[in-house]
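To start, the structure under review is shown below, and the notes come after it.
The values are calculated or read from the model by the stated rules, or taken from the named source; none is laboratory data. The shown structure was predicted, so the numbers you read here are calculated from the model rather than taken from an experiment. A quick note on method: Cβ atoms are made from the backbone with ideal geometry, for glycine too, and the neighbour counts reach across all protein chains shown. Note: areas computed on protein heavy atoms with side chains; ligands, DNA, RNA excluded. Shrake-Rupley method; radii C 1.70, N 1.55, O 1.52, S 1.80 Å.
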Amino acid sequence: MWLIRAFEEKVSALYAMREIVGLLHLGIGQEAVAVGTCSLLRLDDYVFGGHRSHGHAIAKGADLNPLMAEIPGRVTRYCAGKSESMHIVALDAGFVTATGVVGGTIPLALGAAFAAKEKGNGQVAVVFFGDGAGQAGAFHESLNIASLWRLPVIFVCENNGYAEFTPLSSHTLVERLARHAETYKIFSTTVDGNALLEVHDAMGKAVQQARTGKGPAFIECLTHRLKGHYEGDPAKYRELSELAEWKEKDPIARFTRDLKRRKALSDKDSAAIESDARDLVERAAQFALASPWPAPDEVASQVTA
């Protein structure tokens, strides 16, 4: 979780320095969902993200150097600078793709799950998406097909209460998106997405179900992003009291307090974990900024039709 937090804070700093341009969406505050989920996956499991997916890729094992270089558009692979922040691909880690389209990777995850089922080797597909995707037609179509075909796919909803700038209550009367999964007879649960072990436990049941041919699962994680929808968003649609409440629920601080209370972590070790993460990220940033820009002939590479 510290590695993801340090990465995103560094990316934010680079954005402020104009080393990164365009839209940048950060998931600071949502790290427990990514880590609690991906820590239970195999390298060959498929993971799909959304437009706020740096943490998902890192939790799945993406190499920090090429990942960092992608965001300011440098040529160093993963995608030769084409992915920017919202279209990350890290196939060596099993992170298939992210997207700027709300819920756009949900049907893609079904394709990967279908392939996994055909191969019969116990692979699963996991797709992350936000609460805003619950109103997309493809979301419901995908739940129906996943249930009907008993696909080994796990739907992970990061319900942070806002679809971009719009509160959940303004775009649906269904307070818990896990209710939709129940409609399609999919195993589902809603958990505290800022409690790492709670996410981990729920995901353990979901992975076991998917790997053993018992069909899909739906995990709704109640969480909150501590930054705006995009970097620079003034977030005037949020109450300051709401933000203060969620800062108290910061998943890293909560897990650290819990470990210290159980005497499983000392102050010295805690500081060392954060320091090591920031050192790794700093080296990745130096690598990224020292990497060359793409040449014009790179524009048609890695493109298929």
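Remarks
- Projected label points at residue 121 and residue 77, each 7 Å from Cα along the beta carbon direction, are separated by 2.0 nanometres.
- Springs join every pair of Cα atoms under 10 Å in this Gaussian network model of the chain, and among 76, 97, 37 the largest mean-square fluctuation is at 76.
- For the chain, the mean residue ellipticity at 222 nm estimated from helices alone is -13000 deg cm²/dmol, where every DSSP H run of n ≥ 4 contributes -39500 (n - 2.57) and the total is divided by all residues, rounded to the nearest 500.
- Carbon/sulfur fraction of accessible area - the stretch 224-268, other protein chains in place, 1.4 Å, %: 52
- Among 279, 269, 250: highest mean-square fluctuation, GNM of the chain, C-alpha pairs under 10 Å: 269
- Computed on the Cα atoms alone, the convex hull of the stretch 238-298 gives a volume of 151 cubic angstrom per residue.
- Secondary structure note: in the chain, about 10% of the DSSP beta bridges are antiparallel.
- Residues residue 235 and residue 13, FRET efficiency given R0 of 25 Å [Cβ-Cβ distance, rounded to 0.05]: 0.85
- Extended-chain gain in nm, criterion 0.36 nm per residue less alpha-carbon gap, residue 175 and residue 92: 26.2 nm
- FRET efficiency, 1/(1 + (r/R0)^6) with R0 25 Å, evaluated for residue 212 and residue 185 via beta carbons: 0.90
- Förster-model FRET efficiency, 30 Å R0, residue 269 and residue 63, C-beta, rounded to 0.05: 0.75
- Cα Rg, Dmax, the chain, angstrom units: 18.8, 56
- Highest-MSF residue in the chain out of 17, 86, 68 [GNM, Cα springs under 10 Å]: 17
- Solvent exposure ordering (accessible area, 1.4 Å, most first) of 149, 2: 149, 2
- D_trans [Stokes-Einstein, Kirkwood Rh over alpha-carbon pairs] for the stretch 145-211, 4 °C, 1.567 mPa s, µm² s⁻¹: 97
- A straight Cα-to-Cα reach below 13 Å connects residue 260 with the aspartates and glutamates 269, residues fewer than 8 places away in its own chain not being considered.
- The stretch 2-44: trypsin sites (Lys or Arg not before Pro) in DSSP loop, at most 13 other beta carbons within 10 Å: 18, 42
- Between residue 244 and residue 197, residue separation times 0.36 nm minus the direct Cα-Cα distance comes to 14.6 nm.
- Over the stretch 1-67, the hull volume per residue, using the convex hull of the C-alpha atoms, is 87 Å³.
- The stretch 1-146: proportion of alpha-carbon pairs further apart than 19 angstrom, %: 51
- Restraint check, 60/247; 82/247; 10/247; 205/249; 227/263; 60/205, Cα-Cα greater than 22 Å: 60/247; 82/247; 205/249; 227/263
- Spatial separation of Cα centroids for the stretch 168-237 and the stretch 2-73, in angstrom: 19
- Comparing the stretch 138-287 with the 2.2 N^0.38 Å rule of thumb, its C-alpha radius of gyration ratio is 1.26 (two decimals).
- Segment residue 286..residue 304, full-extension length gain: 3.3 nm, with 0.36 nm per residue of separation and the alpha-carbon distance subtracted.
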